[in-house]
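Each remark here refers to the structure printed beneath this line.
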Amino acid sequence: MASSLRQLVLVVERDRGIRDLTRMVLEEEFGVDVASTGAVDEALRLVQARKPNLVLIGVRGADVGCLEVARRLKADPASTSIPVLALVHWGEGQHEALEAGCDAVLVRPFDDVGRLAAEVRRYLMGKMGNDK
């Protein structure tokens, strides 16, 4: 099986609607492959198996469980260099996301996808220069 040269973004978001919308935007705007899940354990398995170029984590209010993905990625030398962006709802959870090791925090809902697109582009372009 030939491996894809396209970059992979992992979306970790418990809300299926937001997860599907994020997938659609990433695929259409950037032409990247997208893996997605709402479960921490599955996200960690996907990171190990597929080695994403970028991880987006949804954080909604007091539900900061998905941030465990960031904590574990940043604690593991094999995955510490993978950029992790937190998408926080109305700014709730920003502090927790940064403490968990996220590289950046974006507040949603977005007025448009421009800010998300700019951050994703910044991290993916940086990874393109670092890939083997």
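The values are calculated or read from the model by the stated rules, or taken from the named source; none is laboratory data. Remember, predicted model here, so these are calculated numbers, not experimental data. Because the Cβ atoms are built from the backbone with ideal geometry, glycine has one as well, and the counts that use them run over all protein chains shown.
Within segment 17-30, the only residue that satisfies the criterion of being within 15 Å of Gln7 (Cα to Cα) and surrounded by 21 or more Cβ atoms within 10 Å (Cβ to Cβ) is Leu26. Would you please name the residue that is surrounded by the fewest Cβ atoms within 10 Å (Cβ to Cβ), looking only at residues in segment 31-67 that are among the acidic types (Asp, Glu) and in contact with a Lys or Arg (Cβ under 8 Å, 6 or more places away or on another chain)? Out of the qualifying residues, it is Asp63. Thr80 satisfies every condition listed in (1) closer than 17 Å to Tyr123 by Cα; (2) in contact with a Leu (Cβ under 9 Å, 6 or more places away or on another chain); (3) crowded, with 16+ Cβ neighbours inside 10 Å except (3).
Is it true that Leu73 is buried (at least 19 other Cβ atoms within 10 Å of the Cβ), at pLDDT 90 or above and under 21 Å from Asp20 (Cβ atoms)? The answer is no for Leu73. Against the numbered list (1) outside any strand (DSSP E or B); (2) in contact with a helix residue (DSSP H, G or I) (Cβ under 7 Å, 6 or more places away or on another chain); (3) among the small types (Gly, Ala, Ser); (4) modelled with pLDDT of 90 or more, Gly17 comes up short only at (2). Of all residues in segment 32-66, those being modelled with pLDDT of 90 or more and on the phi > 0 side of the Ramachandran plot number 1.
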